[in-house]
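The structure appears right after this line, and notes come after that.
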Amino acid sequence: MRGNLIIISAPSGTGKTTILKKLFTQIQGVTFSVSHTTRKPRASEKNSIDYHFTDKETFELMCAGNEFIEWAEVHGNYYGTSKQEVNRHLDQVLDVVLDIDVQGARQVREAAGKDCFSIFIVPPSWEEQEKRLIGRDTDSPETIQLRLKNARQEMKDADLYDFMIVNDTVDEAADVLRSILIAERSRKHRNSKGKPLSLPE
């Protein structure tokens, strides 16, 4: 028995990271796959916790060695998910969350097929989306507009996902996400904490 492979995508600024942090305080047996990226860390981010920050040359060598289950170029930077890290967690019967964009999600769905399920998180409105991006105070006005443009493009993939969550509030969105994970565990005969179930003898 292995854990679930869970794809979670959302347009930039939707609150996905905040929702996932909330989820991780509410449910056991789930882990976060730390992606590799060539972008520079933000002030609050830590290497090997938020991302494995690396240079472009190293990333390209890993691509050539087929070390990623998926990788993509997003906003001018590379992002990728390590096959080795994902499989190590799945073999420990842990559910693995892949926080990836729509490009990466297509690659994982193609590679994993029915061995994964996917969730798309959307903002309640484009006005709220822009307000959240501005409120982060991490990007220039030009970058914010680029992210909004890309977000509209990413939304075209929403129907390819198994589940959709609207982030009206973080608490409600995290509760819905938790419910989905528990339901998928039940499908694989595991309890709400992720442990294997056995029939009474």
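Does the range 5-31 hold any residues that are closer than 27 Å to Glu130 by Cβ and hydrophobic (A, V, I, L, M, F, W, C), and which are they? Selection gives Ile7, Ile8, Ala10, Ile19, Leu20, Leu23. Checking Asp91, Asp101 one by one, the residue that is touching a helix residue (DSSP H, G or I) at 6+ places or on another chain (Cβ under 8 Å) and among the acidic types (Asp, Glu) is Asp101 and no other. Restricting attention to the range 180-201, the residues being under 22 Å from Arg109 (Cα atoms) and either modelled with pLDDT under 90 or surrounded by 13 or more Cβ atoms within 10 Å (Cβ to Cβ) (or both) number 6. On the stretch given as the range 168-201, residues that are within 25 Å of Leu94 (Cβ to Cβ) and part of a loop (DSSP other than H, G, I, E, B) total 10. Consider the range 148-189 and keep the residues that are among the polar types (S, T, N, Q) and under 17 Å from Phe24 (Cβ atoms). The one that is nearest to the chain's Cα centre (by Cα) is Asn167.
Residues that are at pLDDT below 90 and among the small types (Gly, Ala, Ser) were ranked within the range 73-107; the one that is surrounded by the fewest Cβ atoms within 10 Å (Cβ to Cβ) is Gly76. In the range 23-35, the residues that are on the phi > 0 side of the Ramachandran plot form Cβ pairs under 6 Å with partners that are of a type in the set (Lys, Arg), at six or more places apart or across chains, as follows: Gly29/Lys193. Residues of the range 55-79 that are in contact (Cβ under 8 Å) with a residue 24 or more places away in the chain and of a type in the set (Ser, Thr, Tyr): Tyr78, Tyr79.
In the range 1-33, what count of residues is obtained for those that are farther than 29 Å from Gln145 by Cβ and assigned to a loop (DSSP other than H, G, I, E, B)?
10
Spot the failing condition for Met164; the list is (1) farther than 25 Å from Ile49 by Cβ; (2) part of a helix (DSSP H, G or I); (3) not basic (Lys, Arg), and only one is missed. Going through the list (1) farther than 25 Å from Ile49 by Cβ; (2) part of a helix (DSSP H, G or I); (3) not basic (Lys, Arg), Met164 breaks only (2). Among residues of the range 111-125 that are touching a residue at least 60 places away in the same chain (Cβ under 8 Å), none has a Cβ under 9 angstrom from a residue that is among the β-branched types (Val, Ile, Thr) and surrounded by fewer than 13 Cβ atoms within 10 Å (Cβ to Cβ) at a sequence gap of 6+ or on a separate chain. Within the range 108-151, restricting attention to residues that are closer than 14 Å to Gly15 by Cα and basic (Lys, Arg), the residue that is surrounded by the most Cβ atoms within 10 Å (Cβ to Cβ) is Arg147.
The rows are residues; the columns are (1) in contact with an Asp or Glu (Cβ under 7 Å, 6 or more places away or on another chain); (2) within 22 Å of Ala173 (Cβ to Cβ).
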{"site": "Glu70", "(1), (2)": "no, no"}
{"site": "His89", "(1), (2)": "no, no"}
{"site": "Gln92", "(1), (2)": "no, no"}
{"site": "Gly104", "(1), (2)": "yes, yes"}
{"site": "Cys116", "(1), (2)": "no, yes"}
{"site": "Pro141", "(1), (2)": "no, no"}
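Considering the range 27-42, the residues that are basic (Lys, Arg) and at pLDDT 90 or above include one that is farthest from the chain's Cα centre (by Cα), namely Lys40.
Here Lys83, Lys131, Lys114, Lys156 are screened, and the one residue that is basic (Lys, Arg) and closer than 23 Å to Ile49 by Cα is Lys83.
Yes/no matrix, rows are residues, columns are (1) surrounded by fewer than 17 Cβ atoms within 10 Å (Cβ to Cβ); (2) within 23 Å of Glu110 (Cβ to Cβ):
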residue: Asn4; (1), (2): no, yes
residue: Ile7; (1), (2): no, yes
residue: Gly13; (1), (2): no, no
residue: Lys16; (1), (2): no, yes
residue: Ile49; (1), (2): yes, no
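The values are calculated or read from the model by the stated rules, or taken from the named source; none is laboratory data. Quick caveat, the model's predicted, so the values are computed rather than measured. Neighbour counts are summed over all protein chains in view; Cβ atoms, including those assigned to glycine, are modelled from backbone coordinates with ideal geometry.
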